[in-house]
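The values are calculated or read from the model by the stated rules, or taken from the named source; none is laboratory data. This one's a predicted model, so the numbers in the text were calculated from it and none came from an experiment. Every residue, glycine among them, receives a Cβ derived from its backbone with ideal geometry; neighbour counts consider all protein chains shown.
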Amino acid sequence: MIRRTVNFPSLRKLLLRPSYLSSSKIGAYNGYASQPSPLPIPDPTYSDDDEYANVDWDSLGFGLMPTDFMYVTKCSAGQNFGHGQLNRYGNIELSPSAGVLNYGQGLFEGTKAYRKENGQLLLFRPEENAIRMKIGAERMCMTAPSIDQFVDALKQTALANKRWVPPPGKGSLYLRPLLLGSGPVLGLAPAPEYTFLIYASPVRNYFKEGSAPLNLYVEEDFDRASQRGTGSVKTISNYAPVLMAQNRAKSRGFSDVLYLDSNSKKNLEEVSSCNIFIAKGKTISTPAISGTILSGITRKSVIEIGSDLGYQVEERVVAVDELTEADEVFCTGTAVGVAPVGSITYQNKRVDYKTGSGTICQELCKTILGIQTGSIEDKKGWIVEFD
């Protein structure tokens, strides 16, 4: 087992001391923590010996639950990000002419921290998130943090909010890194300044169905992305455009939308916020990365794990017509994990799929979750442990 362990033995206790909170090390960062905040700020009057926040972990869903701290750092265009700071969670100040507000110059990532029985925290392939942000930043003409700084910032944020990491088996701490064009611009141009920040929230199941199978609707009126666009990077501007189709599908009782390619409208692309796989016999297929599909980290991991388990895994063009012949369909993503699809409706025809015990989806889900939570040995060097 390849294990990378990083120790921060006193950071959390130091952060939670009242004297430290009042020092220059924690607090407003160039006016960042503006007051008052419309969101509930965590109560600082707690003991640093509290292992857990006062949360009903059994009722946890995938909604925002503000935690104690967020990580913030800034840099000018063409410069490198310096050491960031852990601030109290709160509002941020932006110029009305900030590049992210006027022209959508922004990226986001998502990863999770899990708690082991011994109290250690685990991150799953955080370097992949850092690499994807750097690729996205290049596409969006932004300055990105280094891979080492990105991963270190995740560790700091998770450790500072450790009491919000759910007990083993009760969920995870979702970490949301943001890269924003925070500098002011008027004409269309890259922002002169960039902000990298990370906030966190404890979460469990992404879909309201919980772990129950999803019911997807194949969308033909709207496209998620087009060739030579930004569909392959995690820019913030990719996501609001899917809301109309998603809301329409949900109003009809579906879980989410499955998009087709924008050229022929004959091939599968991805769901609103996750990748798609189909399985028939011992063969697993997923749409190939072609510039319009996000290279999901869970997707990449499932492809490798599926091969290790003896399945034939294919990255290729997957025609929508193949949905009628598939035995199973499932979605993958950081937020959703590996989620079974119970049915897909295309042109008013519904096809049902095998779910539950004995499925490929279940086997992949248990394997990848076991690695993420430390209950299955990590033989690939994917896990970063720290405390």
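Put simply, of Pro168, Pro177 the only residue that is over 30 Å from Lys354 (Cα atoms) and either touching a residue at least 40 places away in the same chain (Cβ under 8 Å) or part of a strand (DSSP E or B) (or both) is Pro177. Can you say whether Leu364 is surrounded by 22 or more Cβ atoms within 10 Å (Cβ to Cβ), modelled with pLDDT of 95 or more and not aromatic (Phe, Trp, Tyr), as far as the supplied structure shows? Yes, satisfied.
Could you please find all residues in the stretch 199-245 being part of a helix (DSSP H, G or I) and without any contact (Cβ under 8 Å) to a residue 60 or more places away in the chain?
First, pick out the residues of the stretch 199-245 that are part of a helix (DSSP H, G or I): 236-238, 240-245.
Those that are part of a helix (DSSP H, G or I) and without any contact (Cβ under 8 Å) to a residue 60 or more places away in the chain: Asn238, Ala240, Pro241, Val242, Leu243, Met244, Ala245.
Counting only residues that are closer than 30 Å to Ala144 by Cβ and at pLDDT below 90, the stretch 39-82 holds 3 of them.
Tell me yes or no: at least one residue of the stretch 267-280 is surrounded by fewer than 16 Cβ atoms within 10 Å (Cβ to Cβ), modelled with pLDDT of 95 or more and not acidic (Asp, Glu). Checked against the condition, which is being surrounded by fewer than 16 Cβ atoms within 10 Å (Cβ to Cβ), modelled with pLDDT of 95 or more and not acidic (Asp, Glu), the stretch 267-280 yields at least one hit.
Which residues, counting only those in the stretch 323-339, are under 13 Å from Glu270 (Cα atoms) and crowded, with 24+ Cβ neighbours inside 10 Å? Result: Val329, Phe330, Cys331, Thr332.
Report, by residue number, each residue of the stretch 188-205 that is buried (at least 22 other Cβ atoms within 10 Å of the Cβ) and either more than 29 Å from Gly82 (Cβ to Cβ) or among the β-branched types (Val, Ile, Thr) (or both). Hits for the stretch 188-205 are Thr195, Ile198, Pro202. Cβ-Cβ distances below 6 Å connect the following pairs, each with a first residue in the stretch 51-64 that is of a type in the set (Phe, Trp, Tyr), a second residue that is outside any helix (DSSP H, G or I) and surrounded by 15 or more Cβ atoms within 10 Å (Cβ to Cβ), and a separation of six or more residues or different chains: Trp57/Pro166; Trp57/Lys170; Phe62/Val203; Phe62/Tyr206.
Of all residue pairs spaced 6 or more apart or on separate chains, those with beta-carbon atoms under 6 Å, a first member in the stretch 249-266 that is assigned by TED's automatic domain parsing to the domain that holds Gln347 and a second member that is part of a helix (DSSP H, G or I) and of a type outside the set (A, V, I, L, M, F, W, C) are Val257/Gln246.
Within the stretch 297-350, if we keep just the residues that are part of a strand (DSSP E or B) and of a type in the set (Lys, Arg), the residue that is farthest from Glu109 (Cα to Cα) turns out to be Lys349.
Somewhere in the stretch 98-114, is a residue modelled with pLDDT of 95 or more and out of contact with any strand residue (DSSP E or B) (no Cβ under 8 Å at 6 or more places or on another chain)?
So the first thing to find is which residues in the stretch 98-114 are modelled with pLDDT of 95 or more, and the list is 98-114.
Still in the running and out of contact with any strand residue (DSSP E or B) (no Cβ under 8 Å at 6 or more places or on another chain): 101-102.
Scanning the stretch 98-114, I find at least one residue that is modelled with pLDDT of 95 or more and out of contact with any strand residue (DSSP E or B) (no Cβ under 8 Å at 6 or more places or on another chain), so the answer is yes.
Out of curiosity, is Phe196 modelled with pLDDT of 95 or more, assigned to a helix (DSSP H, G or I) and among the aromatic types (Phe, Trp, Tyr)? Steps first, answer last, please.
Values: modelled with pLDDT of 95 or more: yes; assigned to a helix (DSSP H, G or I): no; among the aromatic types (Phe, Trp, Tyr): yes.
Criteria not met by Phe196.
When the stretch 292-336 is filtered for residues that are among the charged types (D, E, K, R) and in contact (Cβ under 8 Å) with a residue 24 or more places away in the chain, the ones remaining, listed by number, are Arg299, Lys300, Glu304, Glu314, Glu315, Arg316, Asp321, Glu322, Glu325, Asp327, Glu328. Whenever a residue of the stretch 126-138 is touching a residue at least 60 places away in the same chain (Cβ under 8 Å), its partners that are among the basic types (Lys, Arg) and surrounded by fewer than 19 Cβ atoms within 10 Å (Cβ to Cβ), lying with C-beta atoms within less than 9 angstrom and at least six residues away or across chains, give the pairs Glu128/Lys300.
Of note, Val185 satisfies the criterion of being crowded, with 18+ Cβ neighbours inside 10 Å and assigned by TED's automatic domain parsing to the domain that holds Asn80. Total residues in the stretch 121-151 satisfying the condition of being surrounded by fewer than 16 Cβ atoms within 10 Å (Cβ to Cβ) and of a type in the set (S, T, N, Q): the figure is 1.
Could you check, for the stretch 361-384, whether at least one of its residues is in a loop (DSSP other than H, G, I, E, B), β-branched (Val, Ile, Thr) and in contact (Cβ under 8 Å) with a residue 12 or more places away in the chain? Can you show your working first?
The first filter runs over the stretch 361-384 and keeps only residues in a loop (DSSP other than H, G, I, E, B), leaving 374-382.
Those still in the list that are β-branched (Val, Ile, Thr) too: 376.
So of that shortlist, the ones also in contact (Cβ under 8 Å) with a residue 12 or more places away in the chain come out as none.
Within the stretch 361-384 (the criterion being in a loop (DSSP other than H, G, I, E, B), β-branched (Val, Ile, Thr) and in contact (Cβ under 8 Å) with a residue 12 or more places away in the chain), the answer is no, since none of the residues qualifies.
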